[in-house]
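Following: one structure in structure tokens, then a few remarks.
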Amino acid sequence: MPVKLFSLHNVPDDEAEEVRELLRSNEIDFYETPAGNWGISVPSIWLHDENELEKAKVLIDNYQQERLNRVREEYAQLGRTGRHRTLGDVIRENPLRFVVYLAAIAALLYFSTKPFLDIGK
């Protein structure tokens, strides 16, 4: 009986591909279900044989721990070299987008609070 192994919801493409390759390289038979036409279903990786579930879970747990360590080290390296992105970098890359977002937030806050401020008048 098929068993759900790994949800692909909010999983980066590179991680999903690495999980697929991990399962292929260990000869674990699997299939995927997509998010559907409107993206409201949960994409997942399923195993055909539930007897392979424990082996696959151990492989994925080890992979995720290795990935966590690797990504943390990459982030720390970027911080040490001063190359990680900051809010200032994002604003400098696209200042018009920042101004538009800021104006939209200000308008939303104004129209959300204005009726309550007018109650006492």
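The values are calculated or read from the model by the stated rules, or taken from the named source; none is laboratory data. Values in this document were obtained by computation on a predicted structure and should not be read as measured data. Here Cβ is always computed from backbone atoms with ideal geometry, including for glycine, and neighbour counts include all displayed protein chains.
Being β-branched (V, I, T) and surrounded by 11 or more Cβ atoms within 10 Å (Cβ to Cβ) is the filter here; which residues of segment 83-97 pass it? Passing the criteria: V90, I91.
Exactly one residue out of R67, R80, R72, R24 is surrounded by 11 or more Cβ atoms within 10 Å (Cβ to Cβ), farther than 16 Å from V3 by Cβ, without any contact (Cβ under 8 Å) to a residue 40 or more places away in the chain and under 25 Å from the mean Cα position of the chain (by Cα), and it is R24.
Residues checked against (1) modelled with pLDDT of 95 or more; (2) part of a helix (DSSP H, G or I):
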{"site": "K55", "(1), (2)": "yes, yes"}
{"site": "L59", "(1), (2)": "yes, yes"}
{"site": "Q64", "(1), (2)": "yes, yes"}
{"site": "Y75", "(1), (2)": "no, yes"}
{"site": "G79", "(1), (2)": "no, yes"}
{"site": "R85", "(1), (2)": "no, no"}
{"site": "V90", "(1), (2)": "no, yes"}
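For segment 1-24, the tally of residues that are within 11 Å of I45 (Cα to Cα) and among the basic types (K, R) stands at 2.
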